[in-house]
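Right, one structure below, let's go through it.
The values are calculated or read from the model by the stated rules, or taken from the named source; none is laboratory data. All values reported here derive from a predicted model rather than from experimental measurement. Here the Cβ positions follow ideal geometry from the backbone for every residue, glycine too, while neighbour counts run over all protein chains shown.
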Amino acid sequence: MTKNTGAPKEYHGPAGGWGSLIGLGKVALAARANPAATETLLRQNKAEGHMCTSCAWAKPAHPHPFEFCENGAKATLWDLTTDRAAADFFAEYSLAELRSWPDYELERVGRLTQPMRYDAPIDRYVPVSWDEAFRGIAAELKALDPKSVTFYTSGKAALEASYLYALFARMYGNNNLPDSSNMCHETTSVGLKKVIGSPVGTCTLEDLHHCDAIFYFGQNPGTNSPRILHPLQEAVRRGCKIIVFNPLREKGLIEFTNPQEPVQMTVGSPTDLADMYLQVRPGGDIAALMGLCKHVLARDAAARAAGEREIVDRLFIEQHCHGFDEFAQQAEETGWDEIESNSGLLRADLEAAAEVYIQAENVMGIYGMGLTQHVHGSQSIGMLVNLLLLGGNIGRQGAGITPIRGHSNVQGQRTVGITEKTKLAPMQKYRELFDFKPPQEDGHTTVEFLEALLDGSNKGFVGLGGNLARAVPDHPRVHEKWRDMALTVNIATKLNRTHLMPGKSAYLLPCLVRAEEDLQRSGPQTVTIEDSFSHIYGSIGKRRPADVHLKSELAIVAGIAKATLPAHPKWKWDEWTADYGKVRDLIAETFPDEFHDMNDRMNQPGGFYRGNAAHERMWKTDSGKAEFTAPSVMNACGVGDAPDHFHLVTLRSNDQFNTTIYGHDDRLRGLKGSRMIVLMSPADMARQGLKEGDDVTLVCDTGDDERRAVSGLTVTPYRLPDGCLAGYFPELNPLVPLWYHDKLSKTPAAKGVPVRIEV
Ligand SMILES: Nc1nc2c(c(=O)[nH]1)N[C@H]1C(S)=C(S)[C@@H](COP(=O)(O)OP(=O)(O)OC[C@H]3O[C@@H](n4cnc5c(=O)[nH]c(N)nc54)[C@H](O)[C@@H]3O)O[C@H]1N2
Ligand SMILES: Nc1nc2c(c(=O)[nH]1)N[C@H]1C(S)=C(S)[C@@H](COP(=O)(O)OP(=O)(O)OC[C@H]3O[C@@H](n4cnc5c(=O)[nH]c(N)nc54)[C@H](O)[C@@H]3O)O[C@H]1N2
Ligand SMILES: [Mo]
């Protein structure tokens, strides 16, 4: 007998619209934001204002009156709460007690207010002065082997603090500088670099005004970069077609009501965005893209045979590309059966999508975590580049590739030297400017840091932002070892789970947020950040800091550095802290091509563009050309199909920023009230004999000996491809094995985890 599985959950409104304003209001209440914070929002993402700390989307030269979205506003209101996690709070609760609190409640306590040291006998954080904190940390660092310490960054700290942080790690003696990017777009930094020589996207905002088609893979703009919906809406209104590949039907790509347009808000109907929405299987993008390329090549062969205009841009390929013949042969030899079974899509649909590509003059490829967080994620990116190269769609107006970056300055941190890869760091400049010999060995990626943690060789951790212990794969194994470290230091704004796992010696150091005034000896300081389109902007906070004890991230980094390192006439930590303009001078001297005259250019509307070689059709690859790649697999998941096993996609809800949980709803997916859910297609539910509301356990099914399981998940019907399950990050991270990562870049493969269901 088939059970009634329940109707699939769905949101019936458009993205944006009134729902976004109501969602924002709820968070403002929960965050208990200062009422004056709304005034701060009016300055968000504008010249002379502060740049949003949520996503890395562009800040246009001609902003809207309200150049912020629902989720950017949530991030700011969350930062500007009136609640405080002060000394009395830490005196009341032991860390053992706090570990039983949910993530949501931990951050909701409020802003951290003063530096704290962990006192093991009473299992509590106790207040210390900044001076004691810096001296205590320095003493521990000096006692440790530099190779055994890791300096993590989550992508929010601005360019000035990031530059000094990378410099400090190298002066101290290692390149252990993993970044949140190592869990995110490292697949881009390595995989895209390999094929077109650029570790970042080739487009600018302007290209969105000139493209005729967008192939949009694995990114959820309604939640994660809502301000992109305005240029997408404009593009659709002028006839651009958007073809989406995503296992979930994400509302933000289906229809949008622009909250900035009074007429559309009151009487208008929403704008339909996607022209075709193809619910690809997890990791099925390689096959789907192969299908698109196969059809383009077949139509090109037919056109040439008939003496018609070529479809493939042969002139571009001859001049600029390498590897075309091998790739074309593979496309020809790959059968449609293989393409259909690996992508879960029909040949007819892929052919129709390929026709859109053929008809379009200018095509853009946009992507997010749906491509990068897979075992063969680099190959998916290579395939998207293959498609674009066929039509010469890189390096001209209206065309190119756009990875949508995560944290607001994650791209910029890499640009100014936060990297574990020595060949990407400005080692020669360090020698010249600061008179020291930087370490020569590559440092840890995030995965390598965790491996070193597990084998006991990593003994110290400094986190410039983030909630690393919660964001990583394989929680139980990692958490068991975290507290064995000799030293943990967290520079943070709010309390999170990583802070509750102190090492033998541990410090929690509170910092300013970007909307707050950063007053130093030379006056109020501006900082700079880089967006997904490689534009750099000044950002100045004007709000009174949450507490008089707070320091800026830069001042904290400089304070630790000064206490740890020997004195040196060229290492001017105090001068740099007094005037960030001097740090920008150093950035400009270190990277003159991109950052010359940075202090003058940073405040120009729309930021300054640091340029991109691939955008100019200069290919900094091994062959000196743009590379066609022949993929070695047809599905990007590391472990293939097995009876009764599913591929699990871990997602962000509309009420979260990574591990920061603003609330328990996921409005744009029509889900409410709980994050401990597993989404499943009604057909799969029926096959498994499950109904809506059943309680199940997911068990990782990669075939290794370790048991990885998460229990207490409520079965929830949802429109998904068969064989695909979805649920939330970070709750489901215990299911992801540490070794399950992109082959090339070691980005954890959080999107295609093989699992089975236990009832
Ligand atoms: N409000 C808010 N904004 C954010 C964040 C946040 O948490 N909240 N996080 C920031 C950060 S750090 C990042 S990296 C970005 C993340 O932004 P996204 O790149 O949008 O990341 P995810 O939310 O993980 O969603 C990935 C999308 O990929 C789809 N997907 C999953 N597997 C596959 C697949 O195999 N193929 C394809 N084609 N699609 C797939 C999912 O259904 C989902 O729609 O957002 C940034 N902005
Ligand atoms: N399963 C699964 N795992 C994932 C992902 C996934 O999609 N699925 N996504 C991955 C991705 S893309 C990323 S980027 C990582 C995110 O990993 P992280 O970047 O490490 O985590 P966040 O949740 O962004 O960090 C939140 C904390 O940062 C601190 N913070 C907030 N603002 C500031 C600030 O301005 N300064 C400082 N110093 N601290 C601040 C606060 O204390 C807050 O608690 O997670 C990764 N993990
Ligand atoms: Mo990210």
- request: Kindly provide the set of residues from region 451-473 that are more than 19 Å from the chain's Cα centre (by Cα) and of a type outside the set (Val, Ile, Thr), ordered by number.
  value: Glu451, Ala452, Leu453, Leu454, Asp455, Gly456, Ser457, Asn458, Lys459, Gly460, Phe461
query: In region 314-323, which residues are in contact with a Lys or Arg (Cβ under 9 Å, 6 or more places away or on another chain) and assigned to a helix (DSSP H, G or I)?
result: Phe316, Gln319, His320
statement: Just one listed residue, out of Ala15, Ala36, Ala56, Ala47, is surrounded by fewer than 20 Cβ atoms within 10 Å (Cβ to Cβ) and farther than 18 Å from Leu512 by Cα, and it is Ala47
message: I'd like the full set of residues that are within 16 Å of ligand 2 (Cβ to nearest atom), in contact with a strand residue (DSSP E or B) (Cβ under 7 Å, 6 or more places away or on another chain) and either closer than 21 Å to His741 by Cα or among the β-branched types (Val, Ile, Thr) (or both), limited to region 407-447.
response: Val410, Gln411, Arg414, Ile418, His444, Val447
query: Residues in region 557-600 that are of a type in the set (D, E, K, R), touching a residue at least 60 places away in the same chain (Cβ under 8 Å) and farther than 24 Å from Ile137 by Cβ: how many?
result: 3
query: Can you name the residue in region 634-670 that is farther than 23 Å from Leu744 by Cβ and of a type in the set (Val, Ile, Thr) and is also farthest from ligand 3 (Cβ to nearest atom) among such residues?
result: Ile661
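Residues that are among the hydroxyl-bearing types (Ser, Thr, Tyr), at least 1 per element: which helices (runs of 4 or more DSSP H) completely within region 57-168 meet that? Outline the logic, then answer.
Numbers: elements: 70-79, 87-92, 95-98, 103-108, 130-143.
Correct list: 70-79, 103-108.
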Residue that is nearest to Val489 (Cα to Cα) [pool: residues in region 138-185 that are out of contact with any Ser or Thr (no Cβ under 8 Å at 6 or more places or on another chain), of a type in the set (Gly, Ala, Ser) and surrounded by fewer than 24 Cβ atoms within 10 Å (Cβ to Cβ)]: Ala139
statement: Selection from region 346-369 of residues surrounded by fewer than 22 Cβ atoms within 10 Å (Cβ to Cβ), among the hydrophobic types (A, V, I, L, M, F, W, C) and over 27 Å from Val200 (Cα atoms) yields Leu346, Ala348, Ala352
Those residues of region 86-124 which are within 17 Å of Arg32 (Cβ to Cβ) and either surrounded by 17 or more Cβ atoms within 10 Å (Cβ to Cβ) or assigned by TED's automatic domain parsing to the domain that holds Val489 (or both), in sequence order: Ala86, Phe89, Leu106, Glu107, Arg108, Val109, Gly110, Arg111, Leu112, Thr113
query: Looking at region 646-676, which of the residues that are more than 15 Å from ligand 2 (Cβ to nearest atom) and part of a strand (DSSP E or B) is farthest from the chain's Cα centre (by Cα)?
result: Phe646
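From the list Glu206, Glu160, which residue is more than 15 Å from ligand 2 (Cβ to nearest atom) and not assigned by TED's automatic domain parsing to the domain that holds Ala726?
Numbers: Glu160 fails: more than 15 Å from ligand 2 (Cβ to nearest atom).
None of the other options fit; the residue is Glu206.
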message: Can you pull out every residue in region 490-539 that is within 16 Å of ligand 2 (Cβ to nearest atom) and among the small types (Gly, Ala, Ser)?
response: Ala492, Ala506, Ala515, Ser532, Ser539
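For region 523-601, list the helices (runs of 4 or more DSSP H) that sit wholly inside it and hold at least 3 residues that are touching a Pro at 6+ places or on another chain (Cβ under 8 Å) and among the hydroxyl-bearing types (Ser, Thr, Tyr); which are they? Full working, then the answer.
On the way: elements: 553-564, 573-578, 580-590, 592-595, 598-601.
Once the helices (runs of 4 or more DSSP H) in region 523-601 are filtered for at least 3 residues that are touching a Pro at 6+ places or on another chain (Cβ under 8 Å) and among the hydroxyl-bearing types (Ser, Thr, Tyr), nothing remains.
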query: Among Pro178, Pro221, which is within 16 Å of ligand 3 (Cβ to nearest atom) and touching a His at 6+ places or on another chain (Cβ under 6 Å)?
result: Pro178
- line: In region 20-35, anything in a helix (DSSP H, G or I) and touching a strand residue (DSSP E or B) at 6+ places or on another chain (Cβ under 8 Å) is listed as Ala31
query: Which one of the conditions (1) away from ligand 3 (no atom under 16 Å from the Cβ); (2) surrounded by fewer than 21 Cβ atoms within 10 Å (Cβ to Cβ) does Asn612 fail to meet, given that it meets all the rest?
result: (2)
field: Total residues in region 478-500, condition assigned to a loop (DSSP other than H, G, I, E, B) and in contact (Cβ under 8 Å) with a residue 60 or more places away in the chain
entry: 4
Strands (runs of 3 or more DSSP E) fully within region 235-312 counting 2 or more residues that are at pLDDT below 95 and buried (at least 18 other Cβ atoms within 10 Å of the Cβ): 255-257
- request: Take Ala328 and decide whether it is away from ligand 3 (no atom under 16 Å from the Cβ), farther than 28 Å from Ala235 by Cβ, crowded, with 21+ Cβ neighbours inside 10 Å and of a type outside the set (Asp, Glu).
  value: yes
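If you take the residues in region 332-375 that are in a strand (DSSP E or B), away from ligand 3 (no atom under 16 Å from the Cβ) and of a type in the set (A, V, I, L, M), which one is nearest to Lys743 (Cα to Cα)? Talk me through it step by step, then tell me what you get.
First, the residues of region 332-375 that are in a strand (DSSP E or B): 363-367.
Keeping just the survivors that are away from ligand 3 (no atom under 16 Å from the Cβ) gives 363-365.
Going one step further and asking which of them are of a type in the set (A, V, I, L, M), we end up with 363-364.
Values: Val363: 28, Met364: 26 Å.
So the residue we want is Met364.
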Cross-chain or 6+ apart pairs with Cβ under 9 Å, region 650-670 first and among the basic types (Lys, Arg), then near ligand 2 (Cβ under 8 Å from one of its atoms): Arg652/Met369; Arg652/Asn658; Arg652/Phe729; Arg669/Leu651
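If I filter region 619-640 down to residues being within 16 Å of ligand 1 (Cβ to nearest atom) and out of contact with any helix residue (DSSP H, G or I) (no Cβ under 9 Å at 6 or more places or on another chain), which single residue comes out as farthest from Leu77 (Cα to Cα)? Reasoning before the result, please.
Within region 619-640, the subset within 16 Å of ligand 1 (Cβ to nearest atom) is 631, 633-640.
Restricting the remaining residues to those that are out of contact with any helix residue (DSSP H, G or I) (no Cβ under 9 Å at 6 or more places or on another chain) gives 637-640.
Values: Cys637: 38, Gly638: 40, Val639: 42, Gly640: 43 Å.
Checking each candidate, the answer is Gly640.
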message: Just checking, does region 672-685 include any residue being in contact (Cβ under 8 Å) with a residue 40 or more places away in the chain, polar (S, T, N, Q), more than 26 Å from Leu468 (Cβ to Cβ) and in the same structural domain as Lys751 (by TED's automatic domain parsing)?
response: yes
